[in-house]
Amino acid sequence: MYAMASSSCSSNAPLVRVELPAATPRAREVRVAVHAVGVNPIDWKLRALAPAIRWLNALLGPRGPVVGGIDFAGVVEAVGSKVRGISVGDRVVGAAKFLLGRGSHADTVVVGEHQVCAIPDAIPFDVAGALPVAGDTAWRAVHHYRSIGPTSRVLVLGASGGVGHYAVQIAKHVRLAQLVVGVCSSKNAPLVTGLGADVVLAYDTEDPLAAAVQYGPFDLIVDAVGAYPGSRCHALLARDGRRVIAAYDSPRVLLHALVRPFRSRIIRSAPNGARLRGLVDAVAAGQVKVHIAERFPLADVERAHQLSQTSRSVGKLVLLPRS
Ligand SMILES: NC(=O)c1ccc[n+]([C@@H]2O[C@H](COP(=O)([O-])OP(=O)(O)OC[C@H]3O[C@@H](n4cnc5c(N)ncnc54)[C@H](OP(=O)(O)O)[C@@H]3O)[C@@H](O)[C@H]2O)c1
């Protein structure tokens, strides 16, 4: 098998191609031939952790290259002796063990059986591979902290990005929200309208939070940007409304979720087979569509990470290890 791995102990080391022996799955693991890998901001953010992961690996087991990446979709090619309900040849989507340095920037991954979810033949690998991290985040944002229904009003900040474009569709087409307002740049407004947003506010032509007042109060704000002032977001919420924050890199944003009036919640994606089921079914039913901005061969992972780092990619970027 081959993978794109951190080339040295430095935190900003370039990723290089490495050849590795294909691991044999343990009793409750499966080995998957990877056909598509969704790119997420966490992939390049966690590259800084590669030296720590390398050190941990050396401590816990055989030393090896650190392979990043979480999302994947592909075909099961081997199963452990105690795996039930998953067979060789099954098409699956899942999340890899990036914190162990066994990520999905590879043509093969080995993961626990509970980490994968079967996908029907009608869902192509590139579509499925783009789902796990961003899709699970959006799915949980719309279901977990504030359950959305036909009388709900939802505001999505960052509506054209990976998380946001799923959140708009899940709120509108799965939860049947009464009103979905999306905030993005004016160039991406037609895309967000096409996803089902009732109203699109462009942050480069107006103050989107001021413009959003007339469409509120909101039962849920999905914040996939993290740059809008918390107090202004809270002012847009209905009495029991919640702001669910996916983008909480800044300590200020994190703090906002921890102090009174406790109206913001942070959300951490942790996709696994069970949690991906609802989203996969929604994609199969045509309720959620995946917008893929660009596909890259796996060897071009650096280019994909650079594009993701601009925070201007539209929908999802996907790596294709077997193209
Ligand atoms: N907590 C978790 O577990 C979790 C999971 C997934 C993602 N995240 C985080 O959530 C954030 C978004 O992730 P992503 O995958 O959606 O990233 P992404 O695909 O790179 O999308 C970023 C989007 O933000 C939009 N944007 C930038 N500035 C904006 C502004 N001022 N107002 C409205 N939209 C703006 C951009 O849209 P335009 O091009 O239209 O400007 C772009 O489409 C990242 O910080 C990521 O690390 C966290």
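Bear in mind that the values in this text are calculations on the coordinates, not laboratory data. Predicted model only: the values in this text are computed from it and were never measured. FYI the Cβ positions are ideal-geometry reconstructions off the backbone, even for glycines, and counts take in every protein chain you see.
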* Asked: For ALA106, what charge total do you get from the other residues with a beta carbon under 14 Å from its beta carbon, if Lys and Arg give +1 and Asp and Glu give -1?
  -> 0
* Residues whose placed amide H lies under 5 Å from that of SER264, excluding near-sequence neighbours -> ARG243
* Asked: If you plug each phi of region 268-285 into the Karplus form 6.51 cos²θ - 1.76 cosθ + 1.60 with θ = phi - 60°, what whole-Hz ³J(HN,Hα) values come out, in order, with x for Gly and Pro?
  -> 10, 6, 8, x, 8, x, 5, 6, 7, 4, x, 5, 4, 5, 5, 5, 4, 7
* Asked: When N counts the residues of region 147-198, how does its alpha-carbon radius of gyration compare numerically with 2.2 N^0.38 Å, as a ratio?
  -> 0.99
* Please report, for the Cα atoms of the chain, the Rg to one decimal and the Dmax as a whole number; what are they, in angstrom? -> 19.7, 59
* How much net charge surrounds ASN188 when only other residues with a Cβ under 14 Å from its Cβ are counted (Lys, Arg +1; Asp, Glu -1)? -> +2
* In terms of Cα to Cα distance under 18 Å, which lysines are near enough to LYS97, apart from those fewer than 8 places away along the same chain? -> LYS45
* To do: Express the relative contact order of region 144-242 as a whole percentage, based on alpha carbon pairs under 8 Å and six or more residues apart in sequence.
  => 31
* Structure fact -> Scoring region 260-323 by relative contact order with C-alpha pairs under 8 Å, at least six apart, yields a percentage of 32
* To do: Evaluate the relative contact order of the chain (contact order divided by residue number), counting alpha-carbon pairs under 8 angstrom at least 6 apart; express in whole percent.
  => 19
* To do: Measure nothing but the geometry: give the 0 to 90° angle between the long axis through the Cα atoms of 50-60 and the longest principal axis through the Cα atoms of the chain, rounded to 10°.
  => 50
* Could you give the distance between the Cα centres of region 68-109 and region 238-252, to the whole Å? -> 32
* **Qualifying aspartates and glutamates (Cα of each under 19 Å from Cα of LYS289; at least 8 residues distant if same chain)** => ASP71, ASP121, ASP126, ASP136, ASP198, ASP281
* Taking the highest mean first, how do the peptides 241-251, 15-25 order by number of other beta carbon atoms within 10 angstrom per residue? -> 241-251, 15-25
